[in-house]
Amino acid sequence: MDTILRGLDGYEDLGLVYQAIKAPIDRAAREELPKRQQEYGDKLAAIYNERFTREEQRAMGKRDFMQISDGRWLSREEALSVALNMGNEGNLEAVYSGVASAKDQLAREDVRLIKDSLGKTDWDFVQDVWDMLDFELWPLVRDAQKARTGVAPQKVEATPVVTKFGNYRGGYYPIKFDSGLSFRATEQQMDEMAQQVRFGSFAKAQTRRGHTIERTNSGGNPLNYNLSVLHSHIETALVDVTLGDAINDVSRIITHRDFVNAMQRTGNTWALKAMENWLKDTASQEVISSHFLSKAVRHIRVGFTMSKLSWNVGTILLQPFGLAQSIPDIGYRNMMQGIVAVNPTRWMGDNSVFRQIEEKSPFMRTRGASFNKDIQATQQAMKGSGWLEAVMESIPGASRWSQGFAEKAKASLMGGIIATQRVVDGMVWMGAYQKGKQQFTTDSEAIQYADSMVARTQASGIFSDRTAFERGTIDNQTRQSEFVRLWTTLGSYMFAKGNVAYEKTAQVHWRNPDEVFKWMHDMFMLFTFEAILIGLLRNMLPEDEEDLPGYLAEETLYTVMSTMPIVREAASALGGFQGGGVLGSFFNDVAKVKTQAEQGEVDAPLLKSLNNVGGVLFKYPSSQTNRIFENLWEDMSGDDVEIMDYLLYREADE
């Protein structure tokens, strides 16, 4: 979206259109929303951790907790969800009569059975959730609604719940019906969330009247007895509180008759449609489909990222080359100033350069958790439970030690990449900040410019910063598709490179030799210079000088192709690598396992293919471990193996 808006501004930095449409969203999405998400994420995690052990949390979804009258088994998560819907009259009525199908309806005796089967710890957890929603989250929503309309909405009244452990106060809980596992259900969920935020109806859904409307609009579907309802509600509430005003303001601009007419007269109807889809996605934020195919695709996408990037020393060594991608925008002198400012002597201490940057920029304060969408998704998938904790906690007498080790091991998987990118981003930010101080009149504008340069040239995982393809959106009919997102896995940096190249190309006056020469230099820095550095590091440059121009031309072409989703898969195939994207790579490894197994011999190729498939399915660093063991085997066999061969893929010396 940045590139589209900058194009409407004639590629002026912080231009009028950009400041009116993107800047308000940036301030909320990059500053306020992450802060609130961290705050309430910590609060919810504290509730879980206080009431349940890690093992109990991992087992929440297993349908072995209790059996109800019709023979169905419920998980602890489902039982807790039923209990959470007992805290007020509206929810309880929805539990009894919110569905048309008797198959899915809970009888009153089942509700009583669930109430009696839950322990005191379970009920304490339920009340903790009610208290957080009523006394911490609701005031934020209420105050935001009052500021917008002048009227404070009335809250749903709690109904006491009598249990064998005593009386519990009760409280509000969102009514959500399970509309099934269809793709259409996900689209409806996105539209509902977007409408609530854009038109200020989120708070209304938490009032007595809004609760009644929700209860009667079941569509014959059962209540959703999944704790994802709680997490989704908190996320939507925080989006409403932090982004709601900005989204409403931007919506009024892009739907205003004069703006629409101006876009149509100038042939920018396509850009207007892109803005509308972007704003819808921003309002709903990322929605994870519950359809089993989408869940499977997401699992493979996240697993692929984990298997290829975790503990990957080669990726870490390549990251500093990304500085070249920012040079066309901020210039050599400013970049050198940024590099000098973020030198190793200033990395540590209370007055470190990173602390100075983060004091100025809330965006940079949370950058480590949001700089890459795929790493962000992987980090989220690794939170809470996982195979590593299960293995470590199985060690007799070492539970406390094993838990700490598991947490540190998980943090280390992407820790090197995150730490290295922090240095690169710091250098880019400081260089852009220096340029911003020269270009703009206020320090806040210089900070905003520096933030935008980091996000635009180094990529950003913040949802409103992502390209349409990265969000999974092609048009108004295809939005937030996991299948579309799949084609963008590990591509954010290259897509950012493509957008920078597009802008530089769009600004060239081809009859001006100076501008053409500047453009050629920018393209060299974006596409060819990195190819030279990577070739040197990986020992891939041809020994014959006569072959060098052809090699660089070929690598430059492949790099250009890699900036475009789907097209980049053709570049991989032409370059001798496996094409077909993430799914193609995964199923190719599955096929290799079958082929190798049919040979009836347990050899290195079979173990490598098994490791690749296992890395994707079970989310562990298979790429780096394969590289280490392959070179270790060659070393033990008497081959000449250098230390760099253990760290990254390199062409063998002739």
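The values are calculated or read from the model by the stated rules, or taken from the named source; none is laboratory data. Nothing here was measured: the structure is a model prediction, and the numbers come from that model. Reconstructed Cβ throughout: ideal geometry from the backbone, glycine too, with neighbour counts over all protein chains shown. Ligands, DNA and RNA are excluded from the accessible area calculation, which covers all protein heavy atoms including side chains. Shrake-Rupley method; radii C 1.70, N 1.55, O 1.52, S 1.80 Å.
Taking Met427, Met414 and ordering them by how much accessible surface each has at a 1.4 Å probe, largest first, produces Met427, Met414.
In a fully extended conformation the segment linking Val151 and Val516 would gain 125.5 nm over its present Cα-Cα distance, using 0.36 nm per residue. You can think of it this way: the chain between Leu607 and Ser97 has 178.1 nm of extra reach, that is 0.36 nm per residue less the Cα-Cα gap.
Return the tail of the calculated pair distribution for region 423-472, meaning the percent of Cα-Cα pairs more than 11 Å apart. So the pairs more than 11 Å apart make up 66 percent of the total in region 423-472.
If R0 equals 35 Å, the separation of the Cβ atoms of Glu89 and Gln380 corresponds to a calculated FRET efficiency of about 0.50. Applying a length cut-off of 30 Å (Cα extent along the axis) and a mean Kyte-Doolittle floor of 0.5 to the DSSP H helices of the chain leaves 228-254. How large is log10 I(q)/I(0) at q = 0.22 Å⁻¹ when the Debye formula is applied to the Cα atoms of region 483-601, each weighted equally and without solvent? The computed values of log10 I(q)/I(0) come out as -1.23. Think of it as helices only: each DSSP H run of n ≥ 4 in the chain is worth -39500 (n - 2.57), and spread over all residues that comes to -20000 deg cm²/dmol at 222 nm.
Surface calculation, 1.4 Å probe, protein heavy atoms: Leu606 sits at approximately 20 Å² accessible. Of all aspartates and glutamates in the structure, those lying under 16 Å Cα to Cα from Lys408, and not within fewer than 8 positions of it along the same chain, are Glu389, Glu393. Modelled spin labels at Thr53 and Ile288, positioned 7 Å past Cα toward Cβ, are 2.5 nm from each other.
The accessible area of Ser572, taken with all protein chains in place and a 1.4 Å probe, comes to roughly 40 Å². What are the aspartates and glutamates whose alpha-carbon lies under 16 Å from the alpha-carbon of Lys608, with same-chain residues fewer than 8 places away excluded? Of all the aspartates and glutamates, those that pass the test against Lys608 - Cα under 16 Å, at least 8 places apart if same chain - are Asp589, Glu598, Glu630, Glu634. Per residue, the solvent-accessible area of the chain (1.4 Å probe, heavy atoms of protein chains only, all protein chains present) comes to 47 Å².
If the Kirkwood radius is taken over C-alpha pairs of region 431-539, then at 37 °C and 0.692 mPa s the Stokes-Einstein diffusion coefficient equals 201 µm²/s.
Normalised by the number of residues in region 509-654, the average gap of Cα pairs under 8 Å and 6 or more apart makes the relative contact order 17 percent.
Compare Thr467, Thr473 by solvent-accessible area with a 1.4 Å probe and give them largest first, with all protein chains kept in place.
Thr467, Thr473
Once backbone amide H atoms are built at 1.01 Å from N, Leu223 has Asp178 as its partners under 5 Å, excluding neighbours fewer than 5 places away on the same chain. Fully extending the segment from Asn539 to Asp258, taken as 0.36 nm per residue of separation minus the present Cα-Cα distance, adds 95.4 nm.
Summed over all non-identical Cα pairs, the Kirkwood treatment of region 42-167 gives a radius of 16.2 Å. Under a 5 Å amide H cut-off, with hydrogens placed 1.01 Å from N, Met66 pairs with Leu74 among residues at least 5 apart or on other chains. Applying both filters, DSSP loop and at most 12 other Cβ atoms within 10 Å, to the chymotrypsin sites (Phe, Trp or Tyr not before Pro) of region 218-325 eliminates every site.
Here region 531-549 is scanned for amide nitrogen atoms under 14 Å from the site 7 Å beyond the Cα of Glu634 along Cα-to-Cβ, giving 538-540.
Checked against a 24 Å cut-off, the cross-linked pairs Lys35/Lys146; Lys43/Lys619; Lys22/Lys437; Lys308/Lys497 give Cα-Cα distances beyond that limit for Lys43/Lys619.
By the rule of a C-alpha distance below 18 Å, with chain neighbours fewer than 8 residues away ignored, the aspartates and glutamates paired with Lys373 are Asp2, Asp26, Glu31, Glu235, Asp281, Glu286, Asp425, Asp451, Asp465, Glu470, Glu482. Share of carbon and sulfur in the accessible area of region 559-650 stands at 64%, probe radius 1.4 Å. In the chain, the sites counted are trypsin sites (Lys or Arg not before Pro) in DSSP loop states with at most 13 other Cβ atoms within 10 Å, and the longest stretch holding none of them, exclusive of the sites, is 170-382. Spin-label pair Asp124-Ala107: with each label point 7 Å from Cα along the Cα-Cβ axis, the two points sit 3.4 nm from one another. Computed over region 304-381, relative contact order equals 29 percent, with contacts defined as Cα pairs under 8 Å that lie 6+ residues apart. Largest first, the residues Glu78, Glu445, Glu503 sort by 1.4 Å accessible area into Glu445, Glu78, Glu503. Remark: C-alpha extents of region 113-178 on the principal axes read 44, 27, 16 Å, sorted largest to smallest. Here the Kirkwood formula, the inverse mean of 1/r across different C-alpha pairs, assigns the chain a hydrodynamic radius of 27.4 Å.
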